[in-house]
Amino acid sequence: MGEKGINVAIVEDESPAAEFLKRTLLQQDVLPIKEIIVLESVDSAVQYFINHETDLIFLDIHLADGSSLEILEQVEIKAPIIFTTAYDTYTLEAFKLFTIDYLLKPFDERDLHEALLKLKNMSIRLSSDQIASISKELKGGQKYQQQFLVKHGYDLKTLKIEDVAYFYGSGKHLFIYTFNRESYLYDDTIRGVITKVDPKRFFRINRNYAVNIHAIKRVEILANTKLQVELVPSPPDNSNVSVTKTEIRAFKQWMNK
């Protein structure tokens, strides 16, 4: 990395997500940025990395024309990688072992800041064996959590995944809300729990909510292109729940499956 700034490649096929990441990178003060290029497909990324070197790569796991791991299988990447993903729950812990970090969409300035600090303080590169290991994990899939042990008064109670309407994060606390309108404090975070549940069933619509598809009663398109979600049961404080702007496209795709 040069003293005058680093060259960053963003491999992302969702324009709002790419623009948010680019804008946030230019505004942060952890690492100086010299140039940012956005690549929207496996093919364009392969061609670029064959002919150019970069200092840091943000790599979305799924692209419209295939898996981004195909890029790593075709081109030797020497730059550190930060994976980004929306609702996939692939073996993210493996990514943390082999890369700087992963960013679970929707991420914000604080998440990016923490990832850049890691980059500043360490040097990590993917070897061919590690790429093969990650690919194997991805293709092998993952078993999702089916029940949650919660405290109920002086007792412990098990909640089945099909009874969970949504997870809600408030400050340092995570709550599980059931379809029976019960709520329980659970020892985890939104970012952590979304990696353990089936992505076909749950989607992290914003920083505070990961919702069961069956808990969505109505989705309203607002004038400013935001999506507002009506949940069943309603949040205890009856607050409005919106989809983060950068995740609207992925949310629609999830709802359409």
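The values are calculated or read from the model by the stated rules, or taken from the named source; none is laboratory data. What you see is a predicted model; the values in this text were computed from it and never measured. Please note: Cβ atoms are built from the backbone with ideal geometry, for glycine as well, and neighbour counts cover all protein chains shown.
Points to keep in mind about this one:
- The residue of the stretch 35-62 that is farthest from the chain's Cα centre (by Cα), among those that are aliphatic (A, V, I, L, M) and in a helix (DSSP H, G or I), is Ile50.
- Residue in the stretch 142-176 that is farthest from Ile190 (Cα to Cα), counting only those that are part of a strand (DSSP E or B) and among the basic types (Lys, Arg): Lys157
Rundown of residues vs (1) over 19 Å from the mean Cα position of the chain (by Cα); (2) at pLDDT 95 or above; (3) closer than 22 Å to His214 by Cα, yes/no style:
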| site | (1), (2), (3) |
| --- | --- |
| Gln145 | no, no, yes |
| Gly153 | yes, no, no |
| Leu156 | yes, no, no |
| Leu159 | yes, yes, yes |
| Asp163 | yes, yes, yes |
| Tyr166 | no, yes, yes |
| Gly169 | no, no, yes |
| Ile176 | yes, yes, yes |
| Tyr184 | yes, yes, yes |
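- Restricting the search to strands (runs of 3 or more DSSP E) fully inside the stretch 180-257 and requiring at least 1 residues that are in contact with a His (Cβ under 9 Å, 6 or more places away or on another chain) and surrounded by 14 or more Cβ atoms within 10 Å (Cβ to Cβ) gives 183-186.
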